[in-house]
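**Student:** Questions regarding the structure given below will be posed in turn.
The values are calculated or read from the model by the stated rules, or taken from the named source; none is laboratory data. As the structure is a prediction and not an experimental result, all values here were calculated from the model. Heads up, the Cβs are rebuilt from the backbone with ideal geometry, glycines too, and the neighbour counts pull from every protein chain shown.
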Amino acid sequence: MNQNSQKLKKLYVCGKNSVADALANRFPLEKIVLQKGTKFSNEQIFQSAKVPIEIKEKGFFEVFNNENHQGIVAFLKDFPIYELNVIFKDKPNCVLVLDHIQDPHNFGAIIRTANAFGIKHIIFPKEKAASITPTVLKIASGGFANIKFIKVSSISATLTKLKKEHFWIYVSALEQNAASFDEIQYNYPAALVLGSEGDGVSLPTLRTADQIVYIPQKGTVQSLNVSVAAGLLIHSITKKD
C-alpha cells in the first residue's frame, strides 16, 4: 500500500473554507498540509493556528483530485462526538434526529442544511447508518464545524428520553394521521426526526411521535430525496422557532 493510500485512512477535511471553519471552531487537528505555492486571502487564521503545517508538492494531493482541495488538507486527530446529556445542558429549542440515514452524500447535505438554519445538535445511530467520513465532511462544506453530533445506540429510546425532558417529537412519515408540515403549530423544544432513504422511520421511532408530518406533493413522484425533504422541514420548524 502506498503512502497516499494510507492518508485516506485518516479523517480529513479539504478546501480553504472547510479547514478555516475547523480551525475557527478549534477542531483537534493533527496537521495541515499545504500545496507549495498556494496563497490564501485569510492567511492569518492559518498562521495563528497552533497546528503543525507541512508544505508538499503537487504530487501529494493527487489522491484528493476528485475533491476540491484547493491546495489544502487538514488531518483530524479525532472528530468530537457528544453524549446525549449535552442536549439537556445546552437546552436547544430544536434538535435534528436522523433515523438510519445510509447515504453519506445525503448525510453531508443534511448537515449543511441544518447549519444554514441554525440547528446545533444532530443525533444519529452508532450502527447501520452513515457515519462521519471524509465524504460526509466534504459534502457538508464546513457545515459540521458548529454542530454537536450525538451518537446513540437506539433512536427510539433516545426520543423517549427527550420526551421526558419535555421535547415535542415531530416525525416525518407518510401516514394517514400525518399533518402537512406547513400547517403545523410547532411546540418547543422540538426534535425533528427524518427516516432512512429506503425504509423511512422505524416503527418504534414512529410510536414516539407527538405529531407525524408529511410534505404534500402535486407531481407523480411518491417521495422526495431525504436531503431535499430535510431542507423543507428544517426551514419550517426553525422559521417558527
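**Student:** Out of the residues in the stretch 101-136 that are within 21 Å of Lys16 (Cβ to Cβ) and touching a helix residue (DSSP H, G or I) at 6+ places or on another chain (Cβ under 7 Å), which is surrounded by the most Cβ atoms within 10 Å (Cβ to Cβ)?
**Tutor:** Ile111
**Student:** How many residues are under 26 Å from the mean Cα position of the chain (by Cα), surrounded by 11 or more Cβ atoms within 10 Å (Cβ to Cβ) and modelled with pLDDT under 80 when one looks only at the stretch 15-74?
**Tutor:** Residues in the stretch 15-74 being under 26 Å from the mean Cα position of the chain (by Cα), surrounded by 11 or more Cβ atoms within 10 Å (Cβ to Cβ) and modelled with pLDDT under 80: 7 in total.
**Student:** Take the residues in the stretch 198-241 that are among the basic types (Lys, Arg) and at pLDDT below 90, then tell me which one is surrounded by the fewest Cβ atoms within 10 Å (Cβ to Cβ).
**Tutor:** Lys218
**Student:** Something else about it: Among the residues of the stretch 75-100, which ones are surrounded by 14 or more Cβ atoms within 10 Å (Cβ to Cβ) and of a type in the set (D, E, K, R)?
**Tutor:** Residue satisfying the conditions is Asp99 alone.
**Student:** Hey, Phe181 hits all of (1) more than 14 Å from the chain's Cα centre (by Cα); (2) within 23 Å of Phe88 (Cα to Cα); (3) crowded, with 19+ Cβ neighbours inside 10 Å; (4) among the hydrophobic types (A, V, I, L, M, F, W, C) but one; which does it fall short on?
**Tutor:** Here Phe181 meets the rest and fails (2).
**Student:** Six or more apart or on different chains, Cβ atoms under 6 Å: show the pairs whose first residue is in the stretch 89-111 and in the same structural domain as Leu137 (by TED's automatic domain parsing) and whose second is of a type in the set (Lys, Arg) and surrounded by fewer than 22 Cβ atoms within 10 Å (Cβ to Cβ).
**Tutor:** What qualifies is Pro92/Lys120; His100/Lys128.
**Student:** A further question on this structure: Would you point out the residue of the stretch 158-178, among those that are farther than 13 Å from Ile237 by Cα and within 21 Å of the chain's Cα centre (by Cα), that is modelled with the lowest pLDDT?
**Tutor:** Ala173
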